[in-house]
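Working notes for the structure below.
The values are calculated or read from the model by the stated rules, or taken from the named source; none is laboratory data. If you're wondering where the values come from, they're calculated on a predicted model, not measured in any experiment. Please note: Cβ atoms are built from the backbone with ideal geometry, for glycine as well, and neighbour counts cover all protein chains shown.
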Amino acid sequence: MLKIDRRIRKSQEAIKMAVIELMIEKSFDQITIQDISDRADVSRRTIYLHYMDKFDLLDKLIEEHIDDLRELCDSTDDDADYLDMGLLWFEYFESHYLFFSALLASKGSPFFRNRFLDFFLQELANSMPEGSRPKLTDGENVDIQFLGAAIVGVVEWWFKNGKPLPPSFMAQRLGALLERNLEAD
């Protein structure tokens, strides 16, 4: 893996944090490169060295978190249950509170919500029994769509309400619901 110079890494982190903070304050459409530059305390040129525009920046930021979540799922034991997965997810969400609250609970991006939903749909499809993975039945497809949307809705609710319950409780409830609905067939 290529090691990134510390100054470059610091600039990129400042830029990412700036856009997240700005998204909490106003809609993404209202944010300018100058706003990001001012907040991150870097030049506009520095931003353009790393990103084509603010959309590229947002896309890379989203992709980074989706990749992290995917790695988290891939690193679990094959016998991990829905409660274990839910706990990993909610602990990750909590440790990246600013990012998720900016994109889910405030003036976030519909693009992110779709990517977030796609991630859960893929994880749910991967959790189906081996024999049904290549070609899911119509019923399994409906179940996965329903449960994926439900997971995203629960996560949105959790952030919009200021994380009123601990990750362990959320994981327990979500795990129980997934188990009940996916193993009912």
Being buried (at least 17 other Cβ atoms within 10 Å of the Cβ) and not assigned by TED's automatic domain parsing to the domain that holds Phe99, is that true of even one residue in the range 1-11? yes
Selected residue (only one of Glu94, Glu123 is farther than 17 Å from Gly148 by Cβ and in a helix (DSSP H, G or I)): Glu94
In the range 18-57, which residue that is crowded, with 19+ Cβ neighbours inside 10 Å, of a type in the set (A, V, I, L, M) and outside any helix (DSSP H, G or I) is nearest to the chain's Cα centre (by Cα)? Ile31
Near pairs, Cβ below 8 angstrom, 6+ apart or cross-chain, from the range 77-92 (in contact (Cβ under 8 Å) with a residue 12 or more places away in the chain) to any residue that is surrounded by fewer than 16 Cβ atoms within 10 Å (Cβ to Cβ) and among the aliphatic types (A, V, I, L, M): Tyr82/Ala176; Leu83/Ala176; Leu88/Leu72; Trp89/Leu72; Tyr92/Leu72
Give the range 133-175 a look and list any residue that's over 19 Å from the mean Cα position of the chain (by Cα), of a type in the set (A, V, I, L, M) and part of a helix (DSSP H, G or I), or say none. Val142
Restricting the search to the range 133-174, which residues are of a type in the set (Lys, Arg) and surrounded by 15 or more Cβ atoms within 10 Å (Cβ to Cβ)? Lys163
So, Ile66, is that one surrounded by fewer than 17 Cβ atoms within 10 Å (Cβ to Cβ) and within 25 Å of Gln145 (Cα to Cα) or not? yes
Residues of the range 75-111 being closer than 20 Å to Lys60 by Cβ, at pLDDT 85 or above, buried (at least 19 other Cβ atoms within 10 Å of the Cβ) and not aromatic (Phe, Trp, Tyr), which ones? Ser101, Ala102, Leu103
